[in-house]
Amino acid sequence: MGRSYRALTLGIVSVVLMIAFEATAVGTAMPIAARELDGLGLYAFAFSGYFTTSLLAMVVSGQWCDRSGPLPPLAAGIGGFAVGLVISGTAQSMWPFVLGRAVQGLGGGLVIVALYVVVGRAYPERLRPSVMAAFAASWVVPSIVGPLVSGTVTEQLGWRWVFLAIPVLVVLPLAVMLPPLRRAAHAPDPAPETLPEAPEPVAPPVRDGRRIWYAVALATGAALLQYAGQDISPLSVIPAVAGIVLLVPSALRLLPPGTFRAVRGLPTVILMRGIAAGTFIAAESFIPLMLVTQRGLSATMAGLSLAGAGLTWALGSYVQARPRLAPVRERLAQFGMVLSAAAICGASLALVQSVPVWIVAVAWCAGGLGMGLVISTLSVLMLEQSAPAEAGANSAALQVSDALSNVLLVAAAGTVFAALGGGTVGATADASTASPGHPAAFAAVFLPAAALALAGAFVAARLRPHPKSA
């Protein structure tokens, strides 16, 4: 927040704030919008459409940033995000609404990668952990008040105003941010001693059309897997197999070599982002349903049980930003993954009726602290281990790993949950009337997620590359 960086910091944080409000507020208004547009049957596609196009846009943004700097994709992304909100907010039927969500996904994918490149280009290495902490803190207020504000606006003014009002939030901060961002986009590269050593200068990157097609295949494969997971039937095997055929080779080519073998250094950083985000989100997706169907809480109280994680997430990001902890970042990530695994196990204890239900709120606060330590640490390490010409591609790989693991683990959890008689978990279901299901179905979601998170604690020991031999 010094004079040199204040305007830029306020600007990029305001963009994250806009994305956070969108994520928390739109989810609250979505069921009402789908009902009024007579499109409950397409409800899930309003989410998968966003996710699918954002995967594609992340790869495009990475190449665009490396060729032209972060300003063009950031501006295009913010514009696309706002246009998508307007399309959805003015839609008169469900298909245009879904189209608006897909346009939002394109904008969101461009923005999130460009923001990481801005941090790498505009801020010295010593300030990057603090910027990542500011990004995490930007989610605190939206995660707490977003659903309440969105619900009030939806009830008093209508769901359309939730979509149409969000772009206005960033107009003034964006205008403040643009001048320093232009300067950052044309600034010289940081001093050589702050960058990974390279044997010779790296030529300016050129557009790799094959990566774009791999991104298209990856997004299509992910969409097919989501579609197959919504309806367990013999015919669902066809889109599932097609999705795997498209997704696996594309992921191998879009992520750094050695990612799935946890090769030391950047490949493990990328892999860990997927493990950390996927396990936490997969478990979190089922906690409100568990509290409603197994413990009789209202939907509002079930949601509030998770609200404290936003505060502790920001706290964890703040802690990892302390300069004296820089030498032990991999230890912070390991500790964070242990906290995340313990939180998932702690939340599952609520399946036992004699255990007080507040255990979930306590456990999820601990999990939020762990995620704050892990996610921000991984972002800092990614930038630290990336040469300037590769910052865009590596930022895209980090986000692709995050998004891809979310959809795969959530889809797998949903399939197992439904197969074990977990009850109605479709996107159009009313949680208050959902079939209670069997507690074992919830346990089959939580316990594997906790085990994978714990395995991530061991993988995190490989976050730094081998020190070079003398």
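For segment 314-332, enumerate the residues that are within 23 Å of the chain's Cα centre (by Cα) and open to solvent by less than 70 Å² (accessible area, probe 1.4 Å). Listed by number, the residues that qualify are A314, G316, S317, V319, Q320, A321, R329, E330, L332. Against the definition (assigned to a helix (DSSP H, G or I), among the β-branched types (V, I, T), more than 14 Å from V26 (Cα to Cα) and at pLDDT below 90), how does V98 come out, yes or no? Judged against the criteria, V98 is not a match.
Results for (1) modelled with pLDDT under 90; (2) in contact with a strand residue (DSSP E or B) (Cβ under 8 Å, 6 or more places away or on another chain); (3) open to solvent by 60 Å² or more (accessible area, probe 1.4 Å), shown as yes or no for each residue.
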site: S435; (1), (2), (3): yes, no, no
site: A444; (1), (2), (3): yes, no, no
site: L447; (1), (2), (3): no, no, yes
site: A450; (1), (2), (3): no, no, no
site: F458; (1), (2), (3): no, no, yes
site: A461; (1), (2), (3): yes, no, no
site: K468; (1), (2), (3): yes, no, yes
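Candidates are the residues of segment 64-73 that are buried (at least 22 other Cβ atoms within 10 Å of the Cβ) and over 20 Å from the mean Cα position of the chain (by Cα); the one that is nearest to V117 (Cα to Cα) is D66.
On the stretch given as segment 74-107, residues that are open to solvent by less than 10 Å² (accessible area, probe 1.4 Å) and under 17 Å from the mean Cα position of the chain (by Cα) total 5. Suppose the filter is modelled with pLDDT of 80 or more and open to solvent by less than 10 Å² (accessible area, probe 1.4 Å); does L56 pass it? In short, no.
Only a single item in (1) modelled with pLDDT of 80 or more; (2) touching a helix residue (DSSP H, G or I) at 6+ places or on another chain (Cβ under 8 Å) is not met by W358, and it is number (2). Listed here are the helices (runs of 4 or more DSSP H) enclosed by segment 261-327 that have at least 1 residues being in contact with a helix residue (DSSP H, G or I) (Cβ under 7 Å, 6 or more places away or on another chain), over 29 Å from L351 (Cα atoms) and touching a residue at least 12 places away in the same chain (Cβ under 8 Å): 266-295, 308-320.
The values are calculated or read from the model by the stated rules, or taken from the named source; none is laboratory data. Please read all numbers here as calculations on a predicted model, not as lab measurements. FYI the Cβ positions are ideal-geometry reconstructions off the backbone, even for glycines, and counts take in every protein chain you see. We work out accessible area using only protein heavy atoms, side chains counted, and drop any ligands, DNA or RNA first. Shrake-Rupley method; radii C 1.70, N 1.55, O 1.52, S 1.80 Å.
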